[in-house]
Structures are given as structure tokens and as C-alpha cells.
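Any read-out appearing in this document is the output of simple, stated calculations on the displayed coordinates, not a laboratory observation. Nothing here was measured: the structure is a model prediction, and the numbers come from that model. Note that we place each Cβ from the backbone using ideal geometry, even for glycine, and neighbour counts take in every protein chain shown.
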Amino acid sequence: VRGRATVHEADAKRFFGALGLPVTREFLVCDADSALRAAAEIGWPVAIKVVSDQIAHKSEHGLVALAIGNEAALRDAYERLMRAAAESVPSASIAGFLVQEMVRAGMETFVGVSREPDFGSVIACGVGGVGIEIFRDYALRLLPLAAGDAAAMIAELKAYPLLQGARSAQPYDIPALIALIEAVGAIAWTERDSLREIDLNPIKLFHGADGCRIVDALIVPTAT
């Protein structure tokens, strides 16, 4: 991954998926007809996203379209995103378009890793999606994680009562999130010389024992 400014979502999720982490079902395509075939394989509705190493945050540039329910809407979204990419980030090299399953249910969480000059590698987890910026509800630990660290991080969150099932609501799959934090921590520590940042946001956490799913991912390699 060295030599790349960032590792885009498709490659990042391929990397994490190969290591056994739960990622969304998706296909990287390069034309509208392939996008339609991908959507038919996945099942409607789908999301479509522009994929580029030079565009770390796609939604900020309007390069994501969600809940596309039919072929006409997908063709329209494909053309619209192509124009938006050319207009908003004309210097970016486009690797293709990611056609992805829509993951509707679940609480949005995140797991991230950064390498800090003064402290070393730090892992974070918390409320994800836009909630990370609004609620600032997260917990931190230095890597490598010790036994019990991931569970303690989750217990520190303000949202922890919601995860447990507040007011008789069905609890979320906290063990799945613990396992994911531990797995990401192990990967980040093993690859600490080559990975500067990992950003998994959002991760949809499901009820009961239904696990979780990484919906978006980004890797920032260590500069050469």
C-alpha cells in the first residue's frame, strides 16, 4: 500500500474481508451496464459510490447515492456521480464505482486507528456515522490491546445503555463489536509500520446475535 495517499474503500474492504472481518456485499464496476448487473446480483435497493484514492471522504463531495431502487434510478445516479466527480475533484483518478448492498437496520458505530508521534498507535471506538462529530462519544486505548480492553472501551460510551437495550429494547450484538475492535487492533499492531490510519465508519451493529457489518472503510498508509 505504500506510495498511495489513501487506500480507497473497495481495496480497504477487500483487505479486511480477506482477514475475516464482516464487510458489505459489493462490486467495483467501471460502466453503467456492469453497475446494473451488480445491482441485480446483490438485490435492490443498492448504494453507489465513486471510488478514488484521492477522495477520502466521498459524501463531502456528493459522490454517494443511497437507496437506489431500480435500473432507471441507477443509470441516472451513475451519470450524475460521474459528472459530480469531474466537476468537484477533477484531478482525482477514478478507480471505478462501488455498487453496494444497502444496510438499513442497526446502530451506527465506528472503529478507527491512528498513529500518534508522541504515543504510538491508538485505537478508538464509539458512535459512528455523523454521530462521531455531533456527540463525540468515543473511547480510546493504546495498542496493543490487553485482554478486556475492547469490552471496557464499549462500557465507557455514553451510548452503552442503548447498546445493552435500554427501557426493555432489544440489546445490540456487543460481543460482535468487541470481536471487531480486537481484530482491528491486532491488524493495526501487526501492520503498524505500514498503516498510519484505519477508519471504519460506519459499522452497522445489529440486534441480538446478528453481528455487525463494515459499511465504509479507509486506510491511510505510512508515507514512504
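How high is the relative contact order of the range 149-201, given as a whole-number percent (alpha carbon pairs under 8 Å, six or more residues apart)? Each step should come with its number before you reach the end.
On the way: 20 pairs, mean separation 14.2, N = 53.
Relative CO of the range 149-201 lands at 27 percent.
Cα centroid distance between the range 152-181 and the range 29-83, in Å?
32
What lysines sit close enough to LYS13 to cross-link, taking a C-alpha to C-alpha distance under 26 Å and skipping anything fewer than 8 places away on the same chain?
LYS49, LYS58, LYS204
Can you tell me, using C-alpha contacts under 8 Å and at least 6 residues apart, the relative contact order of the range 1-122 as a whole percent?
On the way: 163 pairs, mean separation 38.3, N = 122.
Computed over the range 1-122, the figure is 31 percent.
Cross-link candidates for LYS158: which aspartates and glutamates have Cα within less than 19 Å, leaving aside residues fewer than 8 places away along the same chain?
The qualifying aspartates and glutamates are GLU108, GLU133, ASP137, ASP149, ASP173.
May I ask you to derive the relative contact order of the range 44-110, considering only C-alpha pairs under 8 Å and at least 6 residues apart, and to give it as an integer percent?
49
Explain nothing, just the number: dipole magnitude of the chain about its Cα centre with +1 on each Lys and Arg Cβ and -1 on each Asp and Glu Cβ, in debye rounded to the nearest 20.
Using Cβ point charges on Lys, Arg, Asp and Glu, the chain gives about 120 debye.
Averaged over every viewing direction, what's the projected area of the C-alpha convex hull for the range 33-176? Give it in nm², one decimal, please.
Across all orientations, the range 33-176 yields a mean hull projection of 11.6 nm².
Quick check on packing: order 27-37, 107-117 by the mean number of other C-beta atoms within 10 Å, highest mean leading. Show your work: numbers first, answer last.
Details: 27-37: 16.5, 107-117: 19.2.
Highest mean packing first, the order is 107-117, 27-37.
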